[in-house]
Amino acid sequence: VQRYGEEAFIRSAADIAFHVALFIAKNGTYVNYYMYHGGTNFGRTAAANVITSYYDQAPLDEYGLIRQPLWGHLKELHAAIKLCKVPLLAGSYETSSLGHLQIAYVFKGKSGKCAAFLVNNDNTSNARVRFQNISFELPSMSISILPDCKNVAFNTAKVSTEYNTRSRTVKYKFDSMERWEEFNEPIPIFSNTLLKANALLDHMSTTKDTSDYLWYTVSFQHESDAEAELSVVSNAHVVHAFVNGAYKGYAHGGEHNFALENPIELKNGTNHITLLSVMVGFPNSGAYLERKTAGIRSVRIQNRYLNNYQWGYQKIGLLGENLSIFTDNGRNKVEWSRFQGRHSRLIWYKTVFDAPGGNDPLALNLGSMGKGEVWVNGQSIGRYWVSIHTPQQRPSQTWYNIPRSFLKPEENQLVLVEEEYGDPLGITLDSVSITKDAKY
């Protein structure tokens, strides 16, 4: 599972084939792949901090396209194993040492049929071994499969399948200001919230997984205009801070608590502090799941802790979510304005586009955006967070799968909620295809 801020974990075709063959050799049975076909975590189905794409490095990628040489190399492995099926399924089983790091797994059927897996566990050197008075050269970290215990049908380290490359072609540019509209998400204050409590409530138990977002807001009196420091401790994934309606910064973390510490200006009289707690997926596995919490844990202004003040909560996430403004029915429940060309936080964007011709898979390139969620014709195609980078200084995911079944021939509605300063004019709709490489 790949998380935001992490590089994709890519295993070579030889490495995967080695471990599949080793599993079968040790267990004498077939193996299930997880995953053989990649996928997409549409909507809010991704687990905590997990990217929207799901194991795109599989033999069949997220779009159903073949990844070579992995797919072809495993196909050849499967064919070799199928030749061994009679002794594998009904024969006796034995092992014999071929050297310090070499071993033979042998299956013998009642009819005299024999199959063998000759394993070299040395990850640095080739090995020459003798098996049934025949000499075999085993490449480093490899398994040779002998369906008749004499002839090598397949070796996991010898990849002969052609290579291919996945490419993308821009089909549509969303670079026209005139085609975009926007709606600024309103910032709630204590007096207009319905849910109130004399405590900082837990994000997950309050929203009950109906939203990634939970607003916390408090009002208090201050006797003069003054500068102060706001300190917020959270164990969600992101927190945004607003003071008297003005944006005052954000911070993000991961599995542990993190802190937002920013200077703010207080005014004489009533001051409004509004915090937006953001989850990028919820924990859904692991030990002590019932004990996991999320949300804001502590709020301090200078030496004044506000934890036990009366807080107000907008329970069902963002207003745009609550009104489902990404759907046909909800779109007219708010007043949209023309795109202003300036980029701000917590803003909704919408536009329309026609479906490109052809049958190639399609992906939305969100490389110009920051963080949020995107819908096409009311269907969420997932969360995006392209502003957080991997150690190689690139987003964990830039392209987001749009199945053609989600689209109409014309007037498709694209809606995004952007938490940061993303530029929708840089979005493109690309087709995805594969091409054969020259090398083999």
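Table for the structure above
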quantity: Shape category assigned to segment 13-155 from the gyration tensor of Cα positions, a/c cut at 1.5; calculated: prolate
quantity: Computed magnitude of the charge dipole of segment 227-385 (debye, nearest 20; Cβ of K, R +1, Cβ of D, E -1); calculated: 320 debye
quantity: Residue-count net charge about R304 - beta-carbon cut-off 13 Å; Lys, Arg +1, Asp, Glu -1; calculated: -1
quantity: Gaussian network model of the chain, springs between alpha carbon atoms under 10 Å - residue of G357, G72, G39 with greatest fluctuation; calculated: G357
quantity: Karplus (6.51, -1.76, 1.60) ³J(HN,Hα), θ = phi - 60°, over segment 96-103, in Hz, Gly and Pro reported as x; calculated: 8, 7, 10, x, 4, 10, 10, 8
quantity: Among N322, G72, F190 the positive-end extreme of the charge dipole of the chain (Cβ point charges); calculated: G72
quantity: Among [x] 22, 41, 26, 11, 1; [y] 19, 48, 28, 6, 0; [z] 24, 55, 19, 1, the entry derived from the coordinates for P(r) over Cα pairs in 20 Å bins from 0, in percent; calculated: [x]
quantity: Whole-Hz ³J(HN,Hα) from phi, Karplus 6.51 cos²θ - 1.76 cosθ + 1.60, for segment 394-409, glycine and proline x; calculated: 9, x, 5, 8, 10, 9, 10, 5, 10, x, 5, 5, 7, 9, 9, x
quantity: Selected from S224, V238, G281, residue furthest toward positive end of dipole (segment 190-317; charges at beta carbon); calculated: G281
quantity: Modelled FRET efficiency - R0 41 Å, A259 with F23, Cβ distances, 0.05 increments; calculated: 0.35
quantity: Cα gyration tensor shape for segment 228-360, rounded if a/c is under 1.5, else prolate or oblate; calculated: oblate
quantity: For I381, distant residues with modelled amide H under 5 Å away; calculated: G43, V374, W375, V376
quantity: F154 long-range amide H proximity, modeled H, under 5 Å; calculated: I145
quantity: Span from the segment 67-100 Cα centroid across to the segment 122-189 one, whole angstrom; calculated: 19 Å
quantity: Degrees separating the helix 70-83 axis from the principal Cα axis of the chain, which is the longest one; calculated: 40 degrees
quantity: Count of Lys pairs (Cα-Cα under 14 Å; at least 8 positions apart or interchain) in segment 13-155; calculated: 6
quantity: Charge context of S140, other residues only, Cβ under 15 angstrom, K/R +1, D/E -1; calculated: -1
quantity: ³J(HN,Hα) computed for each position of segment 59-66 - Karplus, 6.51 cos²θ - 1.76 cosθ + 1.60, integer Hz, glycine/proline x; calculated: x, 10, 7, 4, 9, x, 8, 6
quantity: Extension gain from R128 to E410, taking 0.36 nm per residue of separation minus the Cα-Cα distance; calculated: 95.1 nm
quantity: Farthest toward positive dipole pole in the chain [+1 Lys/Arg, -1 Asp/Glu at C-beta], among T206, N41, V20; calculated: V20
quantity: Cα-centred dipole magnitude for segment 190-317, charges only on beta-carbon of K, R (+1) and D, E (-1), debye, nearest 20; calculated: 320 debye
quantity: For segment 107-167: rounded, prolate or oblate by the Cα gyration tensor [a/c cutoff 1.5]; calculated: oblate
quantity: Size of electric dipole in the chain: Cβ of Lys, Arg +1 and of Asp, Glu -1, about Cα centre, debye, nearest 20; calculated: 1700 debye
quantity: Charge context of E229, other residues only, Cβ under 14 angstrom, K/R +1, D/E -1; calculated: 0
quantity: Simple spin-label estimate for K110 and R304 in nanometres, 7 Å along Cα-Cβ; calculated: 8.7 nm
quantity: Inter-label distance, nm, simple model (7 Å from Cα along the C-beta direction), A47/I10; calculated: 2.4 nm
quantity: Principal-axis tilt of helix 13-27 within the chain, Cα atoms, nearest 10 degrees; calculated: 70 degrees
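Each value in this text was obtained by applying a stated rule to the coordinates, not by laboratory testing. None of these values were measured; they are calculated from a predicted model. Positions of Cβ are generated from backbone atoms using ideal geometry, with glycine treated the same way; all protein chains shown enter the neighbour counts.
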